[in-house]
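Here is the structure we will look at, set down as structure tokens.
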Amino acid sequence: MTTMTTIGGALALALLAVTATPAAAAEADDCTGPASDVRLFVTVSNVRSAKGLIAVTLYADNRRTFLAHHGSLYVGRVPATAPTTRMCIHVPATGTYGLAVYHDEDGNRKFNRSTFGLPAEGYGFSNNPSTFLGIPSFTSVRMAVPRSGTETSVRLKYP
């Protein structure tokens, strides 16, 4: 029985080593936002330079607050890395959310627009909806976060 306990303990330690590598633990600990048990990993692609920040804005499942002034739950920012930036954000709980992402190349923590109000920086949304005719509907950006560790990808578009 002692041998079985030792083998079982060794297997448990090996499994723990595989599932909780130092890199994975460090990445999970580097999440932005108010601490919670639910983490969302966001991979932002098509980042054209390593200048500035990548900002990920988290929205609750409410079409009225999507892209509204002070309508977000949280804005997480990390240094940009090109061509891809990966980040982790805490979400309040499992559920449905929307994401708006932008590349704040000048680091001013604002989404810059042209004189005509059009985007002047790279941007994207969860589910990568078309923005050809304007801002996407909240329905098109809604995404499920069924468990901690959920992963999603957003592809930036530049003007």
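The values are calculated or read from the model by the stated rules, or taken from the named source; none is laboratory data. Note that the coordinates shown come from a computational prediction; the quantities given were computed from them, not determined experimentally. In this analysis, Cβ positions are derived from the backbone assuming ideal geometry, glycine residues included, and neighbour counts consider all displayed protein chains. Only protein heavy atoms, including side chains, enter the accessible area calculation; ligands, DNA and RNA are left aside. Shrake-Rupley method; radii C 1.70, N 1.55, O 1.52, S 1.80 Å.
Taking K and R as +1 and D and E as -1, what net charge do the other residues with C-beta under 15 Å from the C-beta of residue 102 add up to?
So the environment of residue 102 carries a net charge of +4.
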For the range 36-43, what does the Karplus curve 6.51 cos²θ - 1.76 cosθ + 1.60, with θ = phi - 60°, yield as ³J(HN,Hα) per residue in whole Hz, taken in order and with x for Gly and Pro?
8, 7, 10, 10, 10, 9, 10, 9
Magnitude of the Cβ-charge dipole (Lys and Arg +1, Asp and Glu -1) of the range 41-159 about the Cα centre, nearest 20 debye, reported as 80
Carbon and sulfur %, accessible surface of the range 68-152 computed with the full protein complex present, 1.4 Å
56
Charge sum, other residues only, whose C-beta stays under 12 Å from residue 142's C-beta, Lys/Arg counted +1 and Asp/Glu -1:
0
Can you check what the net charge comes to around residue 123, using other residues whose Cβ is under 13 Å from the Cβ of residue 123 (Lys, Arg +1; Asp, Glu -1)?
+2
Regression test value, accessible area per residue of the range 83-159, probe 1.4 Å, units Å², expected 54
Please list, ordered by chain and number, the residues whose modelled amide H lies under 5 Å from the amide H of residue 44; skip anything fewer than 5 residues away on the same chain.
85, 86, 87, 154
